[in-house]
Structure formats: C-alpha cells, structure tokens
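Read through the structure below, which is laid out as structure tokens, and then see the notes.
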Amino acid sequence: MEKERSLSSFMQMRDSLGVWKLLFRRPLLAWEEDEVSRLQVLIRDALGLNMGLKDFIRWNASLDGQFTVAGIREWYESNQGPRLQVPRLIWKGVAPPKPQFLSWLAWRGRVKTIGMLKRFRAVSSSVENLCPFCKLEEESVDHILLQCSMVWKVWSSLLNWWGLSWVTPATVDGVLLWWLGTQFKKTVKKIWRLVPVAMLWLAWRLRNDCVFHERQPNLEKLGEIIKVRIGLWVKSGLPAIPYSVHDFVENLNQLLDWTLSNLGQCVGI
Ligand SMILES: [Zn+2]
C-alpha cells in the first residue's frame, strides 16, 4: 500500500529482528505469503544499505547503472540465448492458434493443472490431483506433458517416426530447446517444428477428456492421432508439399528425402 515511501523510512520501521513492515491491500494467499517470506530474506541479506544516502534506482545489468532496452536485450541474450528462439518455434509455424497458445503456456509453466488451480484456490485443496494417465504421481505441467512414463512413450514414438532418438530432457522447456537444436533445412524444419506443438496440445486435450469426461486414456492411439493432425496442418498450411495425410503418417522418411531433393529447388531450401 505504501508505494511512495522511501527506502530509509522502511529501514527505520523494521522490527528488532530486521523484518520489514509491509502493508497489503488484501489478505494474501498462501503462495503469496511464501513469496513475501522470500522477499524478507532477500531484503535482510541485501548488502550496501546506507542510511546516509538518498534512494536512487540503479540497473545492475549495465556498468553505468542506467537502464536501456538494448542493454536488457544484451543481458538477456547472454544469459538466456537459445531460449529467445522458443517463442519463434511456437508462434511462427502453421499450427492453429489454440495449440500454439497452449504450447506457449506449457513452456511458461502456466497450464492450469489441478495443482495450479489449488494454488490459486480455484478448487478445493481436497481435490485429488493424481496424473490421470499413470495414476501414480501428482500431475504437474512437466509430468502430464512429458515425464509421465505413458506420455514419454508417445514422445519417443514421434521421434522414431522421424528416425531419431534422444536423451531425456526433464522439462517442457528442455524439450523445446532440444527441438530447436535439431536442425533441418527450411521446408522440413517447418514440419519438424509442428511436432512438439501437436504433441503438447493433444496430450493436454486427452488429459482434459480424462479429468472432465472420465474417459480412459489411450496413449497408443494418441501417437497416431498426433501424426494425422500434423499431416492435416501441413496440408492446410504448406500446400506446396504434395502429400496425402496418409503418406505423412506412414512414409515420413521417404517424403522428407523427396522434399529435400525436389521441392527444395523451387522453394529455396
Ligand atoms: Zn503420469
């Protein structure tokens, strides 16, 4: 509530243990209380507070303490380099907007699992949040979309479809970074980048069917559904590629060879 108060007056109002007195407009949720506790530790351990100096803002990512957009971009690239490409992978393809949006939420860890809804008190804490696929572990974004052994098999079957194998990324973020690091030429890359978007979208849809409509999960069928869906997206979004959906599902590797040797010349891969 006291956004305009100076640092020194907050310092003077600390209690004997050094805890800052912070006022909020409304009662905090449990997870917000945790954040405030973390903030208190951060403030308590902060160095260099000098009661004799006037408050000023300093941007520590640049040497002169001044904030610039170019400066933050430079800092972000040096710290997060490859991650800057993930939104491009998600948003630049020919997948429809809803799957793209879900993939973006999954990458940001913002998909509304029961665990997250409990955290925001949108559902009661007594609601069970076991993974509806394996029914062994609590569902989290990374579990439901990647780590669950049943979901993992689907990812692996998609990699087999492309004639590839991989080491296990532990998070959705890790998968998307791995995906970016696997290079194909231009046209093939457009198809390749549809795979994680389709996988995340359809795994999430299946999860919702199980949770809200009490369907039994059929993850073997899911792999085939994903391949068909990618074929449909390619047909509608990349019409220069002359294959049927059935060709995509059954003969992907032959098609990719043909695409590279023929289509490449006319579309400039
Ligand atoms: Zn599971």
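For the pair the stretch 183-251 / the stretch 39-107, the C-alpha centres are spaced 33 Å from each other. Membrane-span-like helices in the chain, defined purely by DSSP H runs whose alpha carbon atoms cover 24 Å or more axially and whose average Kyte-Doolittle hydropathy reaches -0.5, are 194-213, 219-237. Neighbour counting of Cβ atoms within 10 Å sorts the residues LYS227, LYS98, fewest neighbours leading, into LYS98, LYS227. Calculated mean residue ellipticity, 222 nm, the chain: -15500 deg cm²/dmol, from DSSP H runs (n ≥ 4) at -39500 (n - 2.57) each, averaged per residue and rounded to 500.
The order of TYR243, TYR76, going from fewest to most other C-beta atoms within 10 Å of their C-beta, is TYR76, TYR243.
Pairs from the table (LYS190/LYS227; LYS92/LYS235; LYS112/LYS153; LYS98/LYS118; LYS153/LYS221) lying more than 19 angstrom apart at Cα are LYS112/LYS153; LYS98/LYS118.
Starting from the stretch 128-214, pick out the chymotrypsin sites (Phe, Trp or Tyr not before Pro) whose DSSP state is loop and whose Cβ has at most 15 other Cβ atoms within 10 Å.
Working: sites: PHE133, TRP152, TRP155, TRP161, TRP162, TRP166, TRP178, TRP179, PHE184, TRP192, TRP201, TRP204, PHE212; in loops: PHE133, TRP162, TRP166, PHE184.
Those satisfying the criteria are TRP166.
Any read-out appearing in this document is the output of simple, stated calculations on the displayed coordinates, not a laboratory observation. Note that the structure is predicted; figures quoted are calculated from it, not measured. Because the Cβ atoms are built from the backbone with ideal geometry, glycine has one as well, and the counts that use them run over all protein chains shown.
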